[in-house]
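J.: Mind looking over this structure? Questions follow.
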């Protein structure tokens, strides 16, 4: 795992300098503290901050092909690089290293951008073609690893994190109010926009080419599901046992190839089905010693340490725990926002930040985790809610159909009356709009309109002018309307929340803050495509989620785990910022003066929320999330806009490998 950066002239001008690259790399040194490398050409510069995991001695970047016409910097892992390398050797390619990075380069020689289709991994790739004066940027299918870019007029800059771009004075620093509105509406930015105006992310499953000063972005992979008319029954030649066996073998291999590493590999253990399955596969099918890492909470509402410890004892792992207090979350939140580089509506990344630090303190660089199982195997409550509401919509006046919601929320007593009347009314909204492409999520998004009441009049006027409807902002495949309700819900959850929040703010950014690489077997290309083709009843049968995974995992896990109802990972919000000894920045950044300075929120509405908290009055989940959004946005503005943005530099340290190249002969 690494950080990458670069600058390419798109118009005649001063060549990129070594000092510029040293400053860009310094801002992402946490992603790769082991080695630094820079390529300088007459119109291009590439940089890499390396976290050494594969080929520790020989894998320093940038790396060139045989005739030095192609140069690569790379962030990520290609898990099938061993097999790809063997094929390339038979075709006559000569390798200088044993790294997966060099495999990509030779594959690009063979296939150009189509090489991405062969890669099973998580990656952001930059290749400079000196002969054709062409830059190639590619990103993995689901957006596990980030890459951002901006056009400054005469050059294109790219980097693994936005702060690396901001290290150069030619990039302006300005929060994009449209994205603040998107976060408050949908809980995340909608790709390719970022929180910073004129800074964009390369969307997942896309690549970018720059040639002759022109920029072109293309998609190379698309998430696919069967149509609603073909996804309910199994083919007559295949039984559920056949499918379980195939899925089992795929998942085992997905875990095994993610253990390829020249450094020790650990695993996160949440106590739930997904992470427990991954840890069990490691223990059963690999010779590796296994260290597991978990988060415990002092707040019992969020704590799952009992289940974590039970699983650690069952598997016989060396288990490590970090306990997160309210004070810990509040204290770490500014550091979290520095790394996420985007407003967030949750505090959940803060305990994950603490967890990755625990991993680093125990001298691990790599962990396997369970992300992706809920999205691809039908694990979330939002999928069940949509199913119940669709059933209810067939007879809206039914006196009992809505009571099925009680099976989703058994802790809410008397769901059809009394205390549950509000929830019933909530889910009744737009009940019959089943053909809405975002039926599964629309009711949540509509409820989020309450959080938008905190946005300033200027922001609201801007969004009204430019528009922010998901229907116009989210790119949907041509086949989308032929999918069933569950598949449309999965696509929405995967392309928005998973890619834009879960794998970013709660994944890559807080792990790499401590130089820790997460690997995700459930996001293996083969597992993803297999799971996407499953009939609905092997994902969500009645209101039982992840049916196929439960069936497969019974072989490896105790019944109390395989039969346990999913409990979403969450962290406390308002209790982390309003308590005795709360951090001073909270009231300072939410003060009328600071709110006026950013111009993004209504000071009066914010003060009303603070007054309720000071008086000890209860607040709902919507306002709780709004508090996280308000604070994180104000922090983002403070960290990147208000204060002088100090661009660090690697200086003259002698562990930076610099390759200087002249003009390509005949170029």
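Rule-based calculations on the coordinates, nothing more; no lab input. Here the structure is a predicted model, which is why all the values come from computation and not from measurement. A quick note on method: Cβ atoms are made from the backbone with ideal geometry, for glycine too, and the neighbour counts reach across all protein chains shown.
J.: Put a dot 7 Å past each Cα toward the Cβ at residue 90 and residue 172; how far apart are the dots in nm?
T.: 5.5
J.: Taking Rh as the Kirkwood radius computed over C-alpha pairs, what is the Stokes-Einstein D of the range 210-367 at 25 °C in a medium of viscosity 0.890 mPa s, expressed in µm² per second?
T.: On the way: Rh = 19.1 Å.
D, rounded to a whole number, is 128 µm²/s.
J.: Compute the Cα gyration tensor for the range 26-82, then decide on rounded, prolate or oblate, letting a ≥ b ≥ c be the square roots of its eigenvalues: rounded whenever a/c is under 1.5, prolate when a/b is larger than b/c in the other cases, and oblate in all that remain.
T.: Details: a/c = 2.03, a/b = 1.13, b/c = 1.79.
Verdict is oblate for the range 26-82.
J.: Hey, another quick one. For the residues 546, 432, what sequence is obtained by ranking on other C-beta atoms within 10 Å, fewest first? Show your work: numbers first, answer last.
T.: Details: 546 25, 432 14.
Fewest-to-most ranking of 546, 432: 432, 546.
J.: Using only the Cα atoms of the range 110-243, each taken as one equal point scatterer with no solvent, compute I(q) by the Debye sum, divide by I(0), and report log10 of the ratio at q = 0.18 Å⁻¹.
T.: The Cα Debye sum returns log10 ratios of -1.06.
J.: So what is the relative contact order for the chain, in percent, with contacts set as C-alpha pairs under 8 Å and at least six apart? Could you put the intermediate results ahead of the total?
T.: Details: 1229 pairs, mean separation 125.2, N = 667.
Answer for the chain is 19 percent.
J.: Please report the base-10 log of the normalised intensity I(q)/I(0) for the chain, using a Debye sum with one equal scatterer per alpha carbon and no solvent, at each q in 0.05, 0.06, 0.08 (1/Å).
T.: Taken in order of the listed q values, log10 I(q)/I(0) reads -0.23, -0.33, -0.60.
J.: Would you kindly work out the equivalent ellipsoid of the range 574-642 from its C-alpha gyration tensor and give its semi-axes, the square roots of five times the eigenvalues, largest first in whole Å?
T.: Working: eigenvalues 75, 34, 24 Å².
So the equivalent ellipsoid measures 19, 13, 11 Å along its semi-axes.
J.: Where does each of 260, 519 land when they are ranked from fewest to most other beta-carbon atoms within 10 angstrom?
T.: Details: 260 18, 519 27.
Ascending Cβ contact count within 10 Å gives the list 260, 519.
J.: Could you work out the relative contact order of the range 574-642? I mean the mean sequence separation of Cα pairs under 8 Å and 6+ apart, divided by the number of residues, in percent.
T.: Working: 37 pairs, mean separation 24.4, N = 69.
Relative CO of the range 574-642 lands at 35 percent.
J.: Further question: Sort 340, 565, 10, 90 by Cβ crowding within 10 Å, fewest neighbours at the top.
T.: 90, 565, 10, 340
J.: Where both residues lie in the chain, what percent of DSSP beta bridges are antiparallel, nearest 5? Spell out each step's value before the answer.
T.: Details: 57 of 77 bridges.
Beta bridges within the chain, antiparallel portion: roughly 75 percent.
J.: Another question, if that's okay. Given a cut-off of under 8 Å on Cα pairs at least six residues apart, what relative contact order in percent is computed for the range 1-145?
T.: Values: 285 pairs, mean separation 30.5, N = 145.
Computed over the range 1-145, the figure is 21 percent.
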